[in-house]
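Quick one: the structure is below, questions incoming.
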Amino acid sequence: MPDVRIVNVTKKYGNIFALDNVSLTVRDQEYFSLLGPSGCGKTTLLRLIAGLIEPDSGEIYIGDKRVDKVPPEDRDIGFVFQTFALFPHMTAWGNVIYGPKVKNYDQKQADTIGHEVLELVKLNERLSAYPNELSGGMMQRIAVARALAAGAKTLLLDEPLGQLDAKVRNEIRYEIRRMAKDLKLTAIHVTHDQAEAMSISDRIAVMKKGRIVQIGSPQELYMNPSSLFVAHFIGESNFLEGYITKTNGYSEVELRGGLKIKAVTSNIKQDERIVLAIRPETCEMKLGYLSTENGLLGRIDKITFEGTYVRYEIRLENGDRLVINRPSLTEEWVEVGEKVTITYPLEKAHIFAYPEAGLTEEIAV
Amino acid sequence: MLSKIWNKLNALSSRKPLKYTLYLSAIVIFFAVILIPPIIGILIKAPTIQNVINQPTLMNTALGAISNSFSIGLIVAAFDLLAGVPLAWVIARGKSRWLSILDTLADLPFVVPTAALGYSLLLFWSSGGGISSFFGGSIISPGWLLVMLLHFTFSFPVVVRIMVGAMLDYKMEYERASRTLGAPPLTASRTVTFPIIKPSLIAAFSLAFARSLSETGATFIVAGAVFMNGPVFLQTLSNEFKNGSIPLATYEGATAFASIILIVVSLAIFSLIRIFGQRVKLPFGHGLPVFEKKISYKKGEWSRNSIALIVFIFIVLVPSLFVALPAFQAIASGTPLVQAFSGSGIWVNFWQSLLLSYGLAAIVTVLGIILGIPMAILLARKTFGNWLSSFLDTLINIPIIVPSIALGVSLKFFWQSIPGIPDLLLLIFAHLAITYPYFVRSMSAAMERISVDMEEAARTLGAKPFTVFRTIVLPLTKYSILSGAIIVFTRSVSETGATLAVTSKLQTAPVLLVTWVNSVRGSIASIPGVNSLTVGLACGILILFSFIILLVLRLLTTKGKA
């Protein structure tokens with residue numbers, strides 16, 4: 001149950017860098033996610049680890065063994081495909097024991113392994129059915145069982161839940177994590193769904209345009225995003241543009257329209273253009289215009305009831321827009337058009353240098 | 001005026017009766033012109049078999065020839081798969097830019113009309129000028145081996161085409177999954193890829209087999225006097241009848257006898273292939289994983305690819321194009337070229353036959369498209385329910401399966417009982433019957449790929465059925481229509497067996513070529529002015545013309561795809 005190391009791997013398709021000098025270590029028995037918008041290179045990276053494609057340069061290690069020239073069948077991996085890729089001409093059972101069979105195990109061994117993994121995925125019915133007769137959830141379980149039966153030590157999952165409906169998806173994602181943990185496997189899970197990645201991963205690598213932009217635990221990524229992109233992609237953020245006017249123990253920021261607020265010190269120098277990122281759920285809202293330090297004044301533009309949360313969209317006095325989420329059960333009833341004052345804990349607002357390419361481009365997915 | 005009629009029809013088209021009338025007429029024409037006449041024709045003449053029942057020598061010759069047809073067809077189809085699948089693999093999976101050239105080259109034997117192909121092979125394998133000259137004479141003399149080589153050569157592109165298509169459609173994800181589960185490349189192909197593309201393997205085998213059964217003209221050229229298969233036997237009968245060496249009763253009886261057996265056995269074999277094809281489960285047995293692993297990688301792959309390429313180049317490509325050599329000699333020597341293009345002497349016949357061939361092919365193609373489209377829609381959309389659709393589907397295949405000379409003979413038997421039918425019309429009917437299934441197949445496959453949703457979306461947006469067809473179906477299927485048209489056209493230009501069977505007055509280009517070749521070889525009375533140079537030149541011109549037409553059509557199709 002090995003660690004997986006990627007060292008300076010580059011993969012180009014024509015002139016486009018699918019992966020641009022990527023390095024990464026996935027620890028032994030870790031449940032690791034590669035997260036990013038489509039086209040960020042996450043699937044390419046997973047396929048490189050599996051050996052389904054070869055890197056242009058760089059090294060890939062599984063355990064102590066360098067594998068980038070090793071064919072996929074000799075890497076001891078299990079791969080769960082987004083489309084499941086269950087062999088249509090074999091029954092569910094035939095699919096499951098395919099791995100042991102092509103590895104030349106005898107029938108008895110293959111049967112034993114088959115039953116063991118089916119036990120794990122809690123599926124012992126409809127084994128003589130063909131893939132096109134199974135439901136999405138069942139196909140998914142068979143796909144995982146098949147990958148495990150081949151004796152995988154590393155489980156690679158390419159958007160394994162993408163084809164399932166929401167309810168089943170939520171159930172199965174925890175099961176997959178549990179199985180990986182029970183079997184002490186190293187698991188690498190590719191997804192574009194940040195909620196999915198956050199809920200099951202030990203650590204996550206956020207990718208963008210062929211590069212890894214941040215690696216960390218779900219909490220780290222959420223609490224301390226290292227870039228506007230991560231702040232935007234993981235969870236939700238309000239972005240307010242402005243300038244640093246003073247750095248003196250704390251930073252003083254002038255927002256559009258001359259509104260001055262304080263923020264935690266950063267290494268950004270005075271007079272530089274910045275973006276302040278504030279998460280909607282860290283904000284407090286009080287009725288009326290109050291003269292509080294760091295209060296943002298505005299009017300409620302739109303209210304959406306979302307069940308757990310009430311979502312308010314607020315037009316600030318300086319014209320900026322801000323979204324805040326409040327737990328619905330504790331909220332008082334307010335109406336559209338009312339004046340409100342928004343406050344937030346200083347340390348929960350992150351300052352980023354204004355991106356060269358512009359804010360929209362930076363956070364575009 | 002025209003637009004008024006169109007609008008009127010368009011408005012009418014949402015009424016069911018018009019739609020059904022259209023579909024029904026497609027079915028009626030299919031039965032009335034294509035399927036029923038040959039069946040009735042052969043039944044009319046069935047009693048004449050009595051005349052030959054008591055001629056054991058003739059019967060034995062017939063049976064021997066027919067069994068030759070089937071054994072050659074089966075062996076050739078098997079070899080086609082063995083050689084064609086690896087080549088298709090190289091074309092479909094390779095990454096080199098040169099592969100598109102290989103892809104085009106693989107189609108070349110398609111372009112060469114089979115009669116010219118037969119002559120080309122004869123020159124290459126068994127004349128003093130070809131490969132044989134290196135071995136001091138002919139290495140393969142006319143006979144069964146040369147027939148097999150010929151059949152291998154012309155059915156090879158069919159197999160490659162089908163298999164390349166199948167491999168491109170095949171979802172690589174299955175094979176990747178197999179690899180991640182521990183299967184080396186060869187094991188993955190054996191256990192996953194081939195079982196999944198099994199229907200295409202069967203289709204390729206069947207078509208190669210059918211092509212081999214039907215081919216007449218070229219086979220006649222390379223068979224020599226020593227070897228007979230079904231079509232050659234039928235053609236010989238007809239020749240013998242014409243020069244008076246056998247009486248009408250014997251001719252009709254033996255022809256009916258051989259045709260019926262050919263048709264019945266073909267139908268039986270194809271039904272068996274169909275039934276067993278579905279039953280046979282791939283992969284069988286365990287294979288040899290360790291051995292497979294050994295030959296899966298670099299060296300094994302390299303030698304496999306090399307063998308596939310060598311077979312293709314030296315057995316298919318070079319022999320097919322060898323006829324270009326005398327063509328160039330003819331051009332170099334000057335005189336035949338001048339004669340040919342001034343249309344003097346024997347060349348009058350040549351240009352007439354060429355005109356007839358291309359004119360006929362054009363008419364047949366247009367008719368095929370007009371009659372084929374409603375049938376294709378009917379099959380793809382199952383307009384009259386599942387049962388009738390699959391029934392029609394089976395019937396459509398019959399003209400492909402039945403050897404074309406037997407089809408021609410049957411057609412002739414039917415239509416000759418109705419006086420006053422011009423030979424040209426018979427020729428059109430025969431070619432239509434032979435090519436119609438190819439067009440319908442290609443078109444209905446394309447229709448099946450268009451989701452019904454799209455048509456329904458157009459309807460909900462206010463389009464009448466005709467408009468839906470014109471604005472949605474036609475644009476989406478036009479390249480399949482075009483490629484179907486190409487097949488129909490080339491098949492018609494190449495067709496010899498049925499042509500010989502239905503008319504002795506009209507000479508199409510391949511029929512003329514067969515006569516010329518036989519004159520050069522002395523197997524018939526020699527025609528003044530025909531020599532190896534003129535035959536070479538004639539072949540060259542035929543190939544060149546076909547190539548240009550095909551190139552234009554191909555450019556049209558690829559342009560559209562890009």
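Report yes if some residue within the range B:532-549 is of a type in the set (A, V, I, L, M, F, W, C), under 17 Å from the mean Cα position of the chain (by Cα) and in the same structural domain as B:L356 (by TED's automatic domain parsing); otherwise report no. Break it down stepwise before answering.
Going residue by residue through the range B:532-549, those that are of a type in the set (A, V, I, L, M, F, W, C) are B:533, B:535, B:537-539, B:541-545, B:547-549.
If we keep only those that are under 17 Å from the mean Cα position of the chain (by Cα) as well, we get B:543, B:547.
This time we only want the ones that are in the same structural domain as B:L356 (by TED's automatic domain parsing), so: B:543, B:547.
Yes, the conditions are met somewhere in the range B:532-549.
Of B:F227, B:F257, B:F241, B:F220, which residue is touching a helix residue (DSSP H, G or I) at 6+ places or on another chain (Cβ under 6 Å), under 30 Å from B:T48 (Cβ atoms) and either within 14 Å of another protein chain (Cβ to nearest Cβ) or not in a helix (DSSP H, G or I) (or both)?
B:F227
Follow-up. Out of B:A203, B:A210, B:A177, B:A188, I need the residue that is more than 14 Å from chain A (Cβ to nearest Cβ) and surrounded by 24 or more Cβ atoms within 10 Å (Cβ to Cβ). Which one? Steps first, please.
On the way: B:A203 fails: surrounded by 24 or more Cβ atoms within 10 Å (Cβ to Cβ); B:A177 fails: more than 14 Å from chain A (Cβ to nearest Cβ); B:A188 fails: more than 14 Å from chain A (Cβ to nearest Cβ).
Exactly one residue qualifies, and that residue is B:A210.
Do you know which of the residues in the range B:181-196 that are assigned to a helix (DSSP H, G or I) and in contact (Cβ under 8 Å) with a residue 40 or more places away in the chain is farthest from B:G277 (Cα to Cα)? Reasoning before the result, please.
Let us first name the residues in the range B:181-196 that are assigned to a helix (DSSP H, G or I), namely B:185-196.
Next cut, in contact (Cβ under 8 Å) with a residue 40 or more places away in the chain only: B:185-187, B:190-191, B:194-195.
Working: B:P185: 25, B:L186: 22, B:T187: 21, B:R190: 16, B:T191: 16, B:F194: 13, B:P195: 11 Å.
If we take residues in the range B:181-196 being assigned to a helix (DSSP H, G or I) and in contact (Cβ under 8 Å) with a residue 40 or more places away in the chain, then B:P185 is farthest from B:G277 (Cα to Cα).
While we're looking at this one, here's another question. Based on this model, can you work out whether A:G99 counts as small (G, A, S), in contact (Cβ under 8 Å) with a residue 60 or more places away in the chain and within 14 Å of chain B (Cβ to nearest Cβ)?
When the stated conditions are applied, A:G99 does not pass them.
Pick from B:S504, B:S492, B:S519: which is more than 30 Å from B:N7 (Cβ to Cβ) and more than 24 Å from the chain's Cα centre (by Cα)?
Exactly one of B:S504, B:S492, B:S519 is more than 30 Å from B:N7 (Cβ to Cβ) and more than 24 Å from the chain's Cα centre (by Cα), namely B:S519.
Which numbered condition in (1) under 23 Å from B:N229 (Cβ atoms); (2) surrounded by fewer than 23 Cβ atoms within 10 Å (Cβ to Cβ); (3) at pLDDT below 85 is the only one that B:L99 fails?
The number of the failed condition is (1).
Any chance the range A:40-50 includes a residue that's in contact with a helix residue (DSSP H, G or I) (Cβ under 9 Å, 6 or more places away or on another chain), assigned to a loop (DSSP other than H, G, I, E, B), in contact (Cβ under 8 Å) with a residue 40 or more places away in the chain and assigned by TED's automatic domain parsing to the domain that holds A:E175?
No; the residues of the range A:40-50 include none that is in contact with a helix residue (DSSP H, G or I) (Cβ under 9 Å, 6 or more places away or on another chain), assigned to a loop (DSSP other than H, G, I, E, B), in contact (Cβ under 8 Å) with a residue 40 or more places away in the chain and assigned by TED's automatic domain parsing to the domain that holds A:E175.
Here's a follow-up. Report yes if B:G359 is within 14 Å of chain A (Cβ to nearest Cβ) and in a helix (DSSP H, G or I), otherwise no.
Considered against the rule, which asks whether it is within 14 Å of chain A (Cβ to nearest Cβ) and in a helix (DSSP H, G or I), B:G359 comes out as no.
For the range A:286-332, how many residues are within 22 Å of A:V275 (Cβ to Cβ) and among the hydroxyl-bearing types (S, T, Y)?
Residues that pass the stated criteria total 1.
Follow-up. Is there a residue in the range B:175-182 that is at pLDDT below 90 and either outside the structural domain of B:L317 (by TED's automatic domain parsing) or touching a helix residue (DSSP H, G or I) at 6+ places or on another chain (Cβ under 8 Å) (or both)?
Yes; the residues of the range B:175-182 include at least one that is at pLDDT below 90 and either outside the structural domain of B:L317 (by TED's automatic domain parsing) or touching a helix residue (DSSP H, G or I) at 6+ places or on another chain (Cβ under 8 Å) (or both).
Residues are listed down the side, and each one gets a yes or a no for (1) within 13 Å of another protein chain (Cβ to nearest Cβ); (2) in contact with a helix residue (DSSP H, G or I) (Cβ under 7 Å, 6 or more places away or on another chain):
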position	(1), (2)
A:L52	yes, yes
A:D56	no, no
A:K69	yes, no
A:V80	yes, yes
A:T83	yes, yes
A:P88	yes, yes
A:G94	yes, no
A:Q109	no, yes
A:H115	no, no
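Anything in the range B:526-562 that is modelled with pLDDT of 75 or more and not in a helix (DSSP H, G or I)? List them, or say none.
B:S526, B:I527, B:P528, B:G529, B:V530, B:N531
Give the range B:143-174 a look and list any residue that's within 14 Å of another protein chain (Cβ to nearest Cβ), part of a helix (DSSP H, G or I) and either in contact (Cβ under 8 Å) with a residue 24 or more places away in the chain or surrounded by fewer than 19 Cβ atoms within 10 Å (Cβ to Cβ) (or both), or say none.
Selection gives B:D169, B:M172, B:E173.
Could you run through the range A:129-154 and say how many residues are part of a loop (DSSP other than H, G, I, E, B), hydroxyl-bearing (S, T, Y) and within 11 Å of chain B (Cβ to nearest Cβ)?
0
Shifting gears a bit: Show the residue pairs that are 6+ apart or on different chains and have beta-carbon atoms under 7 Å apart, the first residue being within the range B:294-315 and in contact (Cβ under 8 Å) with a residue 12 or more places away in the chain and within 14 Å of chain A (Cβ to nearest Cβ), the second being buried (at least 16 other Cβ atoms within 10 Å of the Cβ) and in a helix (DSSP H, G or I).
The qualifying pairs are B:I295/B:L186; B:S296/B:P185; B:S296/B:L186.
Tell me, which helices (runs of 4 or more DSSP H) wholly within the range B:50-128 include 1 or more residues that are closer than 21 Å to B:I221 by Cα?
B:56-93, B:99-111, B:114-121
The values are calculated or read from the model by the stated rules, or taken from the named source; none is laboratory data. Remember, predicted model here, so these are calculated numbers, not experimental data. Neighbour counts run over all protein chains shown; Cβ positions are idealised from the backbone, glycine included.
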